[in-house]
Amino acid sequence: MINRSDSLDHPIVRECGNAWPADGLESVSECPICRRGGRVVVHEGLTDTVFCCAPGCWTLYRCKSCGSCYLDPRPTEATLHLAYKRYFTHADGRSSAGGDTLSLSSKLHRILANSYCNWRHGTRLEPSSKLALAAALLLPPTLRGLLRHLPRIPGGGRLLDVGAGNGAYLYKVREVGWDVAGVEPDPEALAMAQRAGLNVRRGGIECFASEPESFDFITMSHVIEHVPDPKAVLSQAMTLLKARGSLFLETPNVQSYGHRRFGRHWRGLEPPRHLALFHWKSLERLLRQSGFSRIKRLPQINVYPGLAAKSRAISQGRDPEAHPEPTFMDRLTGAALDAGAMVNCRHSEFITLMAFKG
């Protein structure tokens, strides 16, 4: 599948200034998801317009067989760290960094989610209020995913977070009483997680390969799109889960309305950190091939407005992570998409689901 010798002659890499190191690229001759070769170009000359730290230009292909998308060529595992020099996980996971700069709607959402989480799991997340809890209980369940639909297990269970970043999620779950562990390849984010006293190992899910059937819950929030071999990661997750354990997974949906609306400026592309992008059916098929027996879709609400604002900022050459405010039309479109997702979530911005073992 991988032919590193082909990367030097790739036309997009050759023509792009400030290119990725030529010896740090590998050619992807077949889809990394279904292992078939037919494909069409979706976008050429993509650059890192999100964190603006990764050199190079990139081509995104769509597989003719499964409809998933992937980069070719892509960074090798040895050089992928160059794309993470600036990243959102480089803030202290124990704090609410950036909270003062959140939009009013984002602050409201945080209060609602914190209030619900405190009630369900016994946490003490702030800001929260009893009035917000009453409102949260009346809203759709997707608002309640602050802890990624963490199961209720008396006395807590054991959780593994793949791509733990700075440990922000693990820190919250530990407060609930769970035994938590994580893996994270980025050394800067890893150091922050470890300074918080968290059990996080450097690397990927293979770091826990010697502990089969030892976790009740595994989470991969916006991780699967970053790995070169998604099936290997999902198969390892299946091995690590206890009987009747579950996996939470969220990733951008390449068939989303936002991608169709903003094209190469869609925030979900994020080359070269996102190596492969799924749609609902292709990811569910891969989960079943990896051994998961049941899948539950968890369509999110209120996602499109924020992503639309960030995608528009990218198209205008502005910083998409500087909390751009959604327009009235973004909110109106988002409301319509949310209503439609209750029937069919095919074009949702994210794929959010739970997969079960046994």
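The values are calculated or read from the model by the stated rules, or taken from the named source; none is laboratory data. Just so it is clear, the model here is predicted, and its values are computed rather than measured. Cβ atoms come from the backbone with ideal geometry, glycine included; neighbour counts cover every protein chain shown. Protein only, heavy atoms only, side chains kept; ligands, DNA and RNA dropped before computing areas. Shrake-Rupley method; radii C 1.70, N 1.55, O 1.52, S 1.80 Å.
Answer yes if at least one residue in segment 240-252 is in a helix (DSSP H, G or I) and modelled with pLDDT of 95 or more, and no otherwise.
Yes; the residues of segment 240-252 include at least one that is in a helix (DSSP H, G or I) and modelled with pLDDT of 95 or more.
I'm trying to understand the selection: among the residues of segment 172-196, which are farther than 28 Å from GLU77 by Cα, open to solvent by 30 Å² or more (accessible area, probe 1.4 Å) and in a helix (DSSP H, G or I)?
Within segment 172-196, LYS172, ARG174, GLU175, VAL176 meet the criteria.
Residue-by-condition table, conditions (1) in a helix (DSSP H, G or I); (2) among the aliphatic types (A, V, I, L, M); (3) modelled with pLDDT of 95 or more:
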residue	(1), (2), (3)
ALA308	yes, yes, yes
ILE314	yes, yes, yes
HIS323	no, no, no
MET329	yes, yes, yes
GLY340	yes, no, no
ASN344	no, no, no
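Could you look through segment 104-129, keep only residues that are charged (D, E, K, R) and part of a helix (DSSP H, G or I), and pick out the one that is modelled with the highest pLDDT?
So, considering only residues that are charged (D, E, K, R) and part of a helix (DSSP H, G or I), the one modelled with the highest pLDDT is LYS107.
Can you say whether ALA193 is more than 16 Å from SER68 (Cβ to Cβ), in contact (Cβ under 8 Å) with a residue 40 or more places away in the chain and out of contact with any strand residue (DSSP E or B) (no Cβ under 8 Å at 6 or more places or on another chain), as far as the supplied structure shows?
no
Specify which of the listed residues (PRO228, PRO299, PRO252) is open to solvent by 10 Å² or more (accessible area, probe 1.4 Å) and within 23 Å of GLY182 (Cβ to Cβ).
After ruling out the rest, the residue left standing is PRO228.
Determine which single condition ARG264 fails, assuming it passes every other condition in (1) under 20 Å from ARG35 (Cα atoms); (2) in a helix (DSSP H, G or I); (3) touching a Leu at 6+ places or on another chain (Cβ under 9 Å).
That leaves (1) as the condition not met.
Kindly list the number of the only condition in (1) on the phi < 0 side of the Ramachandran plot; (2) surrounded by fewer than 18 Cβ atoms within 10 Å (Cβ to Cβ); (3) in contact (Cβ under 8 Å) with a residue 60 or more places away in the chain that fails for GLY358.
(1)
Quick check: anything in segment 69-86 part of a helix (DSSP H, G or I) and surrounded by 22 or more Cβ atoms within 10 Å (Cβ to Cβ)?
Checking segment 69-86: at least one residue is part of a helix (DSSP H, G or I) and surrounded by 22 or more Cβ atoms within 10 Å (Cβ to Cβ).
Filter segment 157-171 for residues that are within 18 Å of GLU213 (Cβ to Cβ) and not charged (D, E, K, R); which is surrounded by the fewest Cβ atoms within 10 Å (Cβ to Cβ)?
So, considering only residues that are within 18 Å of GLU213 (Cβ to Cβ) and not charged (D, E, K, R), the one surrounded by the fewest Cβ atoms within 10 Å (Cβ to Cβ) is GLY157.
Among the residues of segment 197-222, which ones are touching a helix residue (DSSP H, G or I) at 6+ places or on another chain (Cβ under 8 Å) and buried (at least 20 other Cβ atoms within 10 Å of the Cβ)?
Listed by number, the residues that qualify are LEU198, VAL200, GLY204, ILE205, PHE208, PHE215, ILE218, THR219, MET220.
Which residues, taken from segment 36-54, are touching a Ser or Thr at 6+ places or on another chain (Cβ under 7 Å) and either modelled with pLDDT under 95 or over 26 Å from ASN18 (Cα atoms) (or both)?
Scanning segment 36-54 gives ARG36, GLY37, GLY38.
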